[in-house]
1. What's the FRET efficiency of E109 with I163 using the Cβ-Cβ distance as r and R₀ = 30 Å, to the nearest 0.05?
2. Using Cα centres only, tell me the gap between region 148-178 and region 119-144 in whole Å.
3. Which entries in the list K63/K180; K39/K180; K60/K173 go over 30 Å, if you measure between the two C-alpha atoms of each?
4. Can you give the extra length, in nm with one decimal, that the chain gains between Q95 and A31 once fully stretched, where that is 0.36 nm per residue apart less the Cα-Cα distance?
5. Summing Lys, Arg as +1 and Asp, Glu as -1, what charge do residues with Cβ under 14 Å from the Cβ of E132 carry, E132 excluded?
6. With the cut-off at 1.5 for a/c, could you classify region 132-188 from its C-alpha gyration tensor as rounded, prolate or oblate?
7. When the chain is fully extended, how far beyond the present Cα-Cα distance does N182 get from D156, taking 0.36 nm per residue of separation?
Amino acid sequence: MKNSIISVLVAASLGTASLAANAENTWKDSASDAWIDGKAETTLMLNGNLDSFDINTDVKNGKVILTGKVDREVDKALATELVMSLDGVADVDNQLTVSEEMNDEDDGEVMQSLNDAKIETVVKTRLMFESEVSGMDIDVESEMGEVTLSGTVDTDAERQLAIKIAENTNDVKTVVDMLKTNDKPSNA
């Protein structure tokens, strides 16, 4: 009888511990998905080529599902590329509907424009999420993979960090530094 009671108590303890661990993992997954969802929405919103109000995002276990509508096929591809470049995104299920077909041929110019728009948004997003950089004060432009950073930052260290973030972004060929700093020379 004593062994039966001990067995029941051990089984109950293990079951409770298992439920607690499972609840903790579910909470962590939900928090991670919410964080990814916020980054995806911000990234789409910061891109000037997309109407982010017509794009909905949902995240489940790191997979981002895009729904809504865009004007052209190139916009649909851009949304996928932007979201796929975010940390933590495992996959993108792009269910966006294209309102009107693109009349232009899908030539190199359109693809380069798409790539430059993606680069601008990814660099800007990475600057916004870096706590040591005033991302709102930095303008990002890309042309043929050459990224120009302009605006004002507080220190030279912040300027150098912003440049490195841009340089370490996929598809960036070169970075042009047009940033100004608020550093005050010390009176020695």
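1. Working: r = 28 Å, r/R0 = 0.93.
For R0 = 30 Å, the calculated efficiency reads 0.60.
2. 8
3. Numbers: K63/K180 39 Å; K39/K180 27 Å; K60/K173 34 Å.
Among K63/K180; K39/K180; K60/K173, the Cα-Cα distance tops 30 Å for K63/K180; K60/K173.
4. Numbers: separation 64, 0.36 × 64 = 23.04 nm, distance 2.36 nm.
Extending this stretch completely gives an extra 20.7 nm.
5. Details: positive: R126, R159, K164; negative: E130, D137, D154, D156, E158.
Cβ neighbours under 14 Å give a net charge of -2.
6. On the way: a/c = 2.44, a/b = 2.28, b/c = 1.07.
Note, shape of region 132-188 comes out prolate.
7. On the way: separation 26, 0.36 × 26 = 9.36 nm, distance 0.84 nm.
Using 0.36 nm per residue and subtracting the Cα-Cα distance, I get 8.5 nm.
Coordinate-derived values only; no laboratory data. What you see is a predicted model, and the numbers here were worked out from it, not measured in a lab. With ideal geometry, Cβ positions are generated from the backbone for all residues, glycine too; neighbour counts draw on all protein chains shown.
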